[in-house]
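Below: the structure, in structure tokens.
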Amino acid sequence: ARAWHLTSRPQGLPTNENFALKEIDLPPLGPGMVRIRNQWLSVDPYMRGRMNDVKSYVPPFQIDQPMEGGAVGEVVESTAAGFSPGDRVLHMAGWRDEAVVDARTANKLPPLQVEPHLFLGNLGVTGATAYFGLLDVGQAKAGDIVFVSAAAGAVGSAVVQIAKAKGMTVIGSAGGEEKCEFVRSLGADQVVDYKAQPILKGLAAAAPEGIDVYFDNVGGDHLDAAFALARMRARFAICGMIEGYNKAEPASFRFIMRVIAMRIRMQGFIVFDFQSRMDEFYREMGQLIASGQLQSRETVHEGLESMPDAFRGLFSGENVGKMLVRI
Ligand code: NDP
């Protein structure tokens, strides 16, 4: 099999020199194990954090070891009860073409009549992040004015559509006219192109009455603009701060003191906090997908070789919707 290894820790935006695609020997199939041929691999912004040698909610990638990440593949050999060749599974041994894993770390895809790669997108971590972040962490309700940044991305595009389906007014931000048009097509009431004007100016024009909920994917100047426009008792669901992932210096905030006057409640979250509620998630999201209220869009790179390029593309905004690699 072949697997991407991290060969050195990146400074700033990762380069091709930080990664190497190497042959690996798969271990023999012990009891309770499955051999999986991967078909879809996920690249996600959080992986950038795992490339640094710092303690966080997931351990760092080890130098010269195979990298990991979400993947969907087909079981080709099994010694585990309940798993047979041909089963489609979701697991974490991504960044490689084939893997042998303990079957307890693999999940058979739920029996929903959808394309398997959706379990890496709107029916996977991406969709769950949007769903629980908006409705649980952000406590967003019908009638609220919701601002979501990186709205043309995987999580953001799901947030826009869930919010519209639940009767909210939605303002999305994205970089460039083409992406803004896409966000509009998802039903957003207002869209701000942060590359055409400062986000603060754009958000002030798009939300003359202010915002009740901010779903943060970007951090930095986007979060600052949300402070500036927050209404009384606004809720901020802090999902990600991609603007800072390749920077050594933290962002600074001009409007952060509005947290006090406006009684803003900010809460960070990790999607795994909601693991016990996945049945609810599949039911609700399955319905939104079946009813056509939730469209899924992907940007697909072809071949295992393209993994680092696909990953880096997240930081240049190359993707519309979920970024995936097909092998
Ligand atoms: P996306 O599909 O949204 O891809 C990243 C997007 O971020 C790009 O397409 C780009 O869009 C935008 N972006 C990149 N750099 C910048 C920048 N400097 N300023 C503004 N926008 C930028 O990725 P995901 O949907 O997978 O993730 C979105 C966010 O959610 C990330 O912050 C991620 O870390 C977080 N996340 C958090 C989880 C959790 O459990 N807390 C789980 C999953 C994701 P554009 O072209 O519009 O700039």
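What helices (runs of 4 or more DSSP H) lie completely within region 153-245 and have 2 or more residues being assigned by TED's automatic domain parsing to the domain that holds residue 44, small (Gly, Ala, Ser) and crowded, with 24+ Cβ neighbours inside 10 Å? Show your work before the answer.
Values: elements: 154-165, 177-185, 199-206, 220-229.
Counting at least 2 such residues, we get no helices (runs of 4 or more DSSP H) at all.
I'm told residue 76 meets every condition in (1) surrounded by fewer than 16 Cβ atoms within 10 Å (Cβ to Cβ); (2) under 13 Å from residue 34 (Cα atoms); (3) without any contact (Cβ under 8 Å) to a residue 40 or more places away in the chain except one. Can you identify the failing condition by its number?
All conditions are met except number (3).
Restricting attention to region 131-152, which residues are under 11 Å from residue 215 (Cβ atoms) and either surrounded by fewer than 18 Cβ atoms within 10 Å (Cβ to Cβ) or without any contact (Cβ under 8 Å) to a residue 40 or more places away in the chain (or both)?
Matches in region 131-152: 135 only.
Within region 80-101, which residues are among the charged types (D, E, K, R) and either more than 26 Å from residue 20 (Cβ to Cβ) or in a loop (DSSP other than H, G, I, E, B) (or both)? Write out each step before concluding.
Step one: of region 80-101, the residues among the charged types (D, E, K, R) are 87-88, 96-98.
87, 88, 97 - these are the residues of region 80-101 that are among the charged types (D, E, K, R) and either more than 26 Å from residue 20 (Cβ to Cβ) or in a loop (DSSP other than H, G, I, E, B) (or both).
Working only within region 296-321, note down all residues that are of a type in the set (Lys, Arg) and farther than 29 Å from residue 23 by Cβ. Before the answer, list the steps.
Initially, region 296-321 is screened for residues of a type in the set (Lys, Arg), giving 297, 312.
The one that is of a type in the set (Lys, Arg) and farther than 29 Å from residue 23 by Cβ: 297.
So which strands (runs of 3 or more DSSP E) stay within region 1-64 end to end and still have 2 or more residues that are within 16 Å of the ligand (Cβ to nearest atom)?
The strands (runs of 3 or more DSSP E) meeting that bar are 33-42.
Please work out which residue is farthest from the chain's Cα centre (by Cα), limiting yourself to region 262-286 and to residues that are of a type outside the set (Lys, Arg) and away from the ligand (no atom under 16 Å from the Cβ).
Step by step, filter region 262-286, then rank; the result is 262.
Does residue 100 satisfy being under 21 Å from residue 43 (Cβ atoms) and assigned by TED's automatic domain parsing to the domain that holds residue 30?
No; evaluated as a whole, the condition is false for this residue.
From the list 136, 144, 102, which one is modelled with pLDDT of 95 or more and within 13 Å of residue 36 (Cα to Cα)?
None of the others qualify; the one that does is 102.
For region 297-320, enumerate the residues that are of a type in the set (S, T, N, Q), within 8 Å of the ligand (Cβ to nearest atom) and either outside the structural domain of residue 48 (by TED's automatic domain parsing) or part of a helix (DSSP H, G or I) (or both).
Passing the criteria: only 316.
The values are calculated or read from the model by the stated rules, or taken from the named source; none is laboratory data. As the structure is a computational prediction, the values presented were derived from the model and not from experiment. All Cβ positions, glycine included, derive from the backbone under ideal geometry; neighbour counts span all protein chains shown.
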